[in-house]
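The values are calculated or read from the model by the stated rules, or taken from the named source; none is laboratory data. Model, not experiment: these values are computed from the prediction. Backbone-built Cβ (ideal geometry, glycine too); neighbour counts: all protein chains shown. Keep in mind that these areas ignore ligands, DNA and RNA; they rest on the heavy atoms of the full protein, side chains included. Shrake-Rupley method; radii C 1.70, N 1.55, O 1.52, S 1.80 Å.
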Amino acid sequence: MKYRSHRLVVVLILLPAWAAVQAQELPADPYQALAKWEFGHSRQPLAQIDEQIRKSAPVGYKSIEARLLDVLKSEGTSKDAKRYICRALAVVGSADCVPAVAELLGDADLSHPARMALEPLAHPAAAAALRDALPKLKGDLLLGVISSVAARRDGQAVEALGGLVGDSDATIAAGAMTALGEIGTEEAGRALKAIQPPAALARTHARAGIAAANHLALAGKREAAAGMYQSLMQPQQPSAIRVAALKGLLETLPSAEAVQRFVEVIQADDATLRTAALAAYGSSPAGSLKDAVAAELPSMTAAGQLVLLGSLAGEADVAARSAVLRVVEAAAEVEVRVAALECLALHGEAADVALVVKLAQSEPAAVAEAARRVLPRMSKPGVNEALVGMIESGQAGDRAIVLAALAARRVESVLPTLARLVGGADAALATEAVRALATLGTGEQLGPLAAVLIRTDNAELRGAAAEAVRSICSRAEDKLAAAKPLLAALSQASTPEARIVMLQQLVYTRGDEALNAVRRATQDADAQVAEAAIRALIAWPEASAAASLIELAKTTDKASFAVLALRDGCLRLANQKDLPLAQRLKIYRSVLEVAKRPEEKRQAIAGLADLPALDALELLQASARDAELTNDATAAILRLARQLGAVYNRQALAALEEIKSQAASDEVKRQAEAAIKAVQNVGQSPEGFVVAWLLSGPYTQSGKSAPELFDVAFAPEESDGEAEWRPVAVPPGGKAGLVEMDKIFGGNDRVAYLKTQLAADSALDAVLELGSDDGIKVWLNGQVVHANNAVRACTPGQDKVKVKLKQGANTLLIKVTQGGGEWSACCRVVAPDGNPLDGVTVAPQGP
């Protein structure tokens, strides 16, 4: 079959020539025309012969071969024709063609085609012809014939090749050695062993030996192969040779000997061979060899154990558990015991849990730490159940280790048991169960935990329960539901200590009911409880606490509480950028009205500087009239006016002109003039990109993805919808007019709206060049002019929409969806030919 495949390749190479001449006039006798054929001439005769070969069955090859040989032997046949004939004979040739082809082996121009004809011929005559040519040739011709002998793996050529390995031409000697390796018979192996190669050919000789041993192994001659591999493992051999020899040796030795050799190697000092042995071990199929090696683990040296344990830690199919357990319990070296424990993560079974729990409390500390690391990772069936069975162990140390492991393993089935233990009489066991709930617990366990908080006198248990409640509430999605068991416990708390601890936990929930409970507690008869409630109010996460905080700042007789209520309460809430602008503005205004110290007023002014609302500008102008706040308010106005100028152009310029006219220094005047210049150049970039917008959002709907939100009508697209709008301007030099909403809002699966006005001097045609990440829907004067529910990155001009602008104001509204990642949009207004559009200005109409 090997030789026939060579013939098929040649046929496939020759076939395309036939297709090129189908429609051309063909010669009457292609063989006669072939004799004179030269490269560059018409290939018609060759194509006809190719087609004849393709259509003939093998029994018909004889006549084709005869015709080809007649042409080959004829005087005057061109060398190009002879080359073609040799290629064709590789397909149709038999022993009959060997003599004529063999004569060409000495021809520098035809030796290679002749070899390509002889190599695939299965008849012994072809092999004999190549062998016979060996003593007759020199240089490259001899090297080519040697390679053909190697390709045929001709065992009868061993003696002749043996005579060439000492050739003065190093290339010939190397080729002969390589050929012996490829022949790979026992005789070839013996010939290779007998060679004493010069230093320059040592690597070639070794590679030939590896090749010969591989062939012997494949032929089932394992003993001879093992001998060859063994001879190549000497220290003087290159590392790559020794590695290949070791791998082959381990695969050919009888099982017991292979195991012994493996154990010897990984305990020796030769790092190269150790690595090779482990690679061979890892690539071996699961079964007796791997298992037998693992069984030797307890009797190995510490160094060898460490090496093998490192491999076994990733070999799930090896029966290593028994040996690993013996090392875990008996090894003298701490490092070895730690490595063995690591292996139990993969090999340990449920029956081993008790041992690992015991070791997790033992000495030395490194062993205990390793055991604690392993328990959460033990992967065999039944481990969870074994751990659960030890929860109520009589040993306190066992319980702590087991509960920590169950929490780390996220064993939710243990939650009812933990909840029961939390309320048990054993305070130590309850504390351990509570600590596990801090990691594993859900809202269902808040009730039992809250009951512990209001009833226990044990400080350690109370502290652990408080931490568990905070952890569960912090990760709870439904914080209103989380508040209910805590409120129930607060209503039952009979001691100040219990009420205080419950108030401290309510901060991690949400909702009016919880907030009202905190408000009421600020009036508690116990001063410590009242103070705890005040501190909870100051830390409350929702803006609904702002009114109570303002009231507290106005009425408290403790100056420290007033400061905290404004600074850590109100100002913290007002700085939350996801709050509606009106709500943030109201808080800032209240702080300015109530604060007695300039420090809190200055913080409010700093917040107002980044609040894009006209009322914020007016509030800052009023603050600037206060001598203590003039400098801070002026700096804030300069900052805010630049943001508002695109929408509230008149008001922003008026505020800046006022600062300029009243500037107390040249520097302030210079800053005002720079701000005025910037505000006067807003709306549309020189390239036509809209850079001044009103922005509304973000809008979401529970359970709906961005593509689904594309067709959900939110307030901005409803005629009577009440939407909150904020001005947004692309900063000078901003890339391609890009409004980057991911930097303003963030979040996924939501939408936002951009709105502006295009004021046209007269009715005209225009093109909106749009870009969006992700989907985009566009309205012009209330009519949808474009919709593309895409998931994509934003590229300017990726959508182009022809529109008609009416004379006067044209309202442009754009909806942009956000699936995840970046979130942006841009719009450029141009003439139909792509040039700048004259007679149109961009001026967002402020709300």
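Per-residue answers, yes or no, for (1) farther than 29 Å from residue 699 by Cα; (2) of a type outside the set (Lys, Arg); (3) surrounded by fewer than 20 Cβ atoms within 10 Å (Cβ to Cβ):
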{"residue": "589", "(1), (2), (3)": "no, no, yes"}
{"residue": "618", "(1), (2), (3)": "no, yes, yes"}
{"residue": "622", "(1), (2), (3)": "yes, yes, yes"}
{"residue": "629", "(1), (2), (3)": "yes, yes, no"}
{"residue": "647", "(1), (2), (3)": "no, yes, no"}
{"residue": "667", "(1), (2), (3)": "yes, yes, yes"}
>> Please list, ordered by residue number, the helices (runs of 4 or more DSSP H) wholly in region 167-270 having 1 or more residues that are at pLDDT 90 or above, among the aliphatic types (A, V, I, L, M) and closer than 30 Å to residue 294 by Cα.
In response: 202-218, 222-231
> Limited to region 251-273, what total is found for residues that are among the small types (Gly, Ala, Ser), under 19 Å from residue 213 (Cα atoms) and either in contact with a Cys (Cβ under 6 Å, 6 or more places away or on another chain) or open to solvent by 60 Å² or more (accessible area, probe 1.4 Å) (or both)?
Replying inline: 1
> Which residue pairs have Cβ atoms closer than 7 Å, lie 6 or more positions apart in sequence or on different chains, and pair a first residue in region 614-643 that is at negative phi with a second residue that is among the polar types (S, T, N, Q)?
Replying inline: 614/651; 617/651; 624/630; 624/634; 629/623; 633/623; 637/621; 638/671
> So, of the residues in region 310-330 that are of a type in the set (Gly, Ala, Ser) and in a loop (DSSP other than H, G, I, E, B), which turns out to be surrounded by the fewest Cβ atoms within 10 Å (Cβ to Cβ)?
Replying inline: 314
> Quick one: is residue 574 among the hydrophobic types (A, V, I, L, M, F, W, C) and touching a residue at least 60 places away in the same chain (Cβ under 8 Å)?
Replying inline: no
> Any residue in region 800-809 that is out of contact with any helix residue (DSSP H, G or I) (no Cβ under 6 Å at 6 or more places or on another chain), closer than 21 Å to residue 647 by Cβ and crowded, with 20+ Cβ neighbours inside 10 Å?
Replying inline: yes
> Do you know which residues across region 818-846 are modelled with pLDDT under 85, open to solvent by less than 20 Å² (accessible area, probe 1.4 Å) and not in a loop (DSSP other than H, G, I, E, B)?
Replying inline: 840, 842
>> Given the options 718, 740, name the one that is acidic (Asp, Glu), open to solvent by 60 Å² or more (accessible area, probe 1.4 Å) and either touching a residue at least 40 places away in the same chain (Cβ under 8 Å) or out of contact with any helix residue (DSSP H, G or I) (no Cβ under 9 Å at 6 or more places or on another chain) (or both).
In response: 718
> Under 7 Å by Cβ, and 6 or more places apart or on different chains, what pairs join a residue from region 545-561 that is more than 21 Å from residue 508 (Cα to Cα) and open to solvent by 40 Å² or more (accessible area, probe 1.4 Å) with one that is part of a helix (DSSP H, G or I) and not acidic (Asp, Glu)?
Replying inline: 554/594
>> Going through 202, 219, 157, 206 one at a time, which residue ends up being within 27 Å of residue 234 (Cβ to Cβ) and open to solvent by less than 30 Å² (accessible area, probe 1.4 Å)?
In response: 206
> Which members of region 310-348 meet the condition of being among the hydroxyl-bearing types (Ser, Thr, Tyr) and out of contact with any helix residue (DSSP H, G or I) (no Cβ under 6 Å at 6 or more places or on another chain)?
Replying inline: 322
> Yes or no: residue 589 under 41 Å from the mean Cα position of the chain (by Cα), modelled with pLDDT of 95 or more and closer than 21 Å to residue 632 by Cβ?
Replying inline: no
> Among the residues of region 506-539, which ones are of a type outside the set (Asp, Glu), over 23 Å from residue 475 (Cβ atoms) and open to solvent by less than 50 Å² (accessible area, probe 1.4 Å)?
Replying inline: 521, 522, 529, 530, 532, 533, 534, 537, 538
> When residue 503 is evaluated against the numbered criteria (1) crowded, with 22+ Cβ neighbours inside 10 Å; (2) at positive phi, which criterion, by number, is the only one it fails?
Replying inline: (2)
